[in-house]
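Here the structure is laid out as structure tokens; the discussion comes afterwards.
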Amino acid sequence: MRLLFPRLAERFISEHGIRVSMNKRSVAAAVGAGTTVFLVTAVAVIELLHVEFSALVGLPVGLLAGAGVAVVVAARYDVLASPVRYAVDAAAGFGLAVVVLLAVGYVNAAGLRAVLSTDVTVGIAVVVAAFTALASWRTND
């Protein structure tokens, strides 16, 4: 990925002592946590606004919040304390599970579209989040 202002970015990173190391786990955690924050923020804004086109406000706000969380998690995942890392991993597991289940429902894989209602999708994603937090605690690296 080519930055628009590489010297400015390098100077900012060196002045603030930011250590950026990207691996598969930090990228997955960033994408998953960003997805979870996008979903929660967008739904909250849409439900709290009592106007006709609340999705036009909620989706961009959720997208900005999710992108911000994804950037922060990607940049700082390696220096997180263990309990915070468990929570980030759980949130990432939830977000990625929701995306996978929505994709499975969309393509109607194995005829699961009728079974994967919103309640079932969220329930399965919560179970995946719990297992992800447990796996993160067990590996503790």
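The values are calculated or read from the model by the stated rules, or taken from the named source; none is laboratory data. The structure presented is a predicted model; accordingly, all values stated were derived computationally and were not measured. Reconstructed Cβ throughout: ideal geometry from the backbone, glycine too, with neighbour counts over all protein chains shown.
Worth a mention:
- Complete set of residues in region 85-114 that are surrounded by 13 or more Cβ atoms within 10 Å (Cβ to Cβ), out of contact with any Ser or Thr (no Cβ under 9 Å at 6 or more places or on another chain) and farther than 18 Å from Ala33 by Cβ: Val104, Leu112, Arg113
- Scanning region 115-130 for residues that are more than 15 Å from Thr36 (Cα to Cα) and surrounded by 13 or more Cβ atoms within 10 Å (Cβ to Cβ), we see that the one that is modelled with the highest pLDDT is Val120.
- Qualifying positions in region 58-79 - loosely packed, with under 15 Cβ neighbours inside 10 Å and in contact with a helix residue (DSSP H, G or I) (Cβ under 7 Å, 6 or more places away or on another chain): Ala67, Asp78
- With respect to the conditions (1) closer than 25 Å to Trp137 by Cβ; (2) buried (at least 18 other Cβ atoms within 10 Å of the Cβ); (3) polar (S, T, N, Q), Ser82 lacks only one, and its number is (2).
- Helices (runs of 4 or more DSSP H) lying entirely in region 1-114 (those with 1 or more residues that are modelled with pLDDT of 90 or more): 24-48, 55-76, 82-107
- When we screen Arg85, Arg113 for residues that are among the basic types (Lys, Arg) and in contact with a helix residue (DSSP H, G or I) (Cβ under 6 Å, 6 or more places away or on another chain), the only hit is Arg113.
- Sub-7 Å Cβ pairs linking a first residue in region 44-71 that is under 14 Å from Val31 (Cβ atoms) and touching a residue at least 24 places away in the same chain (Cβ under 8 Å) to a second residue that is of a type in the set (A, V, I, L, M, F, W, C) and surrounded by 15 or more Cβ atoms within 10 Å (Cβ to Cβ), at least 6 apart or interchain, are Leu63/Phe38; Gly66/Val37; Gly66/Phe38; Val69/Ala33; Val69/Val37; Ala70/Ala30; Ala70/Val31; Ala70/Ala33, ordered by first then second residue.
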